[in-house]
């Protein structure tokens, strides 16, 4: 049963369907609250209050940020409320007071003729890994720019978590990818970036456990990356083995894991891109550890946050202060970035991807 605190705001979301709902289908709301389905695209079914009108009422702490989407039960059937915003971004509600929010659904993502998003460069997939100690096996993806060659100077490598979200919208969470191929291709064209390739490591249903080095699954995942994936890449491709040419990168839990891995394997990874890192998911364990362990001051660490992800933002500022206190120097081996009005989603990370890339691998 939903409880209500005096510090809560009551939000009423009213949805008007301008797009036809197919026969025998239902409307759902999903978002960053249990009462909104906890990002299950079929999280909470909505009942029609009048023809083509639906509403949902929920409580949330005052001054929190609510993110949500309307779907017909899957990410492919998201509701579109702005025809210039496809795939649709999250609906953002600032819970600064009791309020009523009106939304019109103009069309459905699966009904739109989307522009194709062909991969720039070459995207290869390999399924040859035992994934020792992990419950779920998985392939990896390797992205090569058009300029990649087996001869000449070895390329730098960026190992990225949540690999299915990096290159192709069709495989990505909620239908939006990081646009890694487009961003790096353009930066290489402009001679802004050192030559590099990208290795995408997809997540599994155990993502929350695997992307945290404090868990047994996290230790197994890190060993999988270090002892299975990395040797495979170095044997098959013309890449550098030097730590200063190898980056680990991810967002949310992937940002947490990237930070943990650059600290634990500083002789292997000399750079970490940690976007919207979920430090708070460790219940302060990561902050306690960071005050005690020897930190890789020779490495480059990038941290960021979006304005509309409050708990992430709080943990970002805490970690930045801690790293500066421990000897990191902003602009040299540490960079922090606060992205105004940005939410916790692939589209936001795609929009600022060039910033950590330039910090870690930019040409001087």
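Taking 0.36 nm per residue of sequence separation and subtracting the Cα-Cα distance, how much length would be gained by fully extending the chain between residue 137 and residue 20, in nm to one decimal? Show your work: numbers first, answer last.
Values: separation 117, 0.36 × 117 = 42.12 nm, distance 4.04 nm.
That pair, residue 137 and residue 20, stretches by 38.1 nm at full extension.
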Let me have the relative contact order for the stretch 65-160, percent, based on Cα pairs under 8 Å that are six or more residues apart.
21
Based on the mean of other beta carbon atoms within 10 Å per residue, what is the order of 72-78, 258-264, most packed first?
258-264, 72-78
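Over the chain, what relative contact order in percent results from Cα pairs under 8 Å that are six or more residues apart? Please report the intermediate quantities before stating the final value.
Values: 746 pairs, mean separation 45.1, N = 364.
12 percent.
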At a Förster distance of 30 Å, what's the computed FRET efficiency of residue 97 paired with residue 337, Cβ-Cβ distance as r, to 0.05?
0.50
How much of the DSSP beta bridge set in the stretch 122-361 is antiparallel, as a percent to the nearest 5?
20
With everything on Cα atoms, drop me the angle between helix 253-264 and the longest principal axis of the chain, reported from 0 to 90° to the nearest 10.
20
Find the centroid of the Cα atoms in the stretch 175-195 and in the stretch 300-364, then give the distance between the two in whole Å.
18
In the stretch 38-81, whose amide N lies under 15 Å from the spot 7 Å out along Cα-to-Cβ of residue 110? List them in ranges.
41-43, 70-80
In degrees between 0 and 90, to the nearest 10, how far off the longest principal axis of the chain does helix 310-325 point, with axes built from Cα atoms?
30
What whole-number distance in Å separates the alpha-carbon centres of the stretch 130-144 and the stretch 34-110?
34
Could you sort 339-348, 184-193 so that the peptide with the highest average Cβ count within 10 Å comes first and the rest follow in order?
339-348, 184-193
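Below 8 Å between Cα atoms, with a sequence gap of 6+, how large is the relative contact order for the stretch 1-151 in percent? Can you show the working numbers first?
On the way: 283 pairs, mean separation 35.6, N = 151.
Over the stretch 1-151, the number comes to 24 percent.
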Go ahead and estimate [θ] at 222 nm for the chain from helices alone: -39,500 (n - 2.57) per DSSP H run with n ≥ 4, summed, over the residue count, rounded to 500.
-6000 deg cm²/dmol
Kirkwood Rh over Cα pairs of the stretch 8-111 into Stokes-Einstein at 37 °C, 0.692 mPa s: D in µm²/s?
241
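Arranged from highest to lowest average of other beta-carbon atoms within 10 Å per residue, in what order do the peptides 60-68, 210-218, 228-236 appear?
Sorting 60-68, 210-218, 228-236 by mean packing, highest first, produces 210-218, 60-68, 228-236.
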Can you put 110, 181 in order, fewest other beta carbons within 10 Å first?
110, 181
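Laboratory data are not the source of any read-out in this text; all were calculated from the coordinates shown. Only a predicted model underlies this, so the values are computations on that prediction, with no experimental measurement involved. Because the Cβ atoms are built from the backbone with ideal geometry, glycine has one as well, and the counts that use them run over all protein chains shown.
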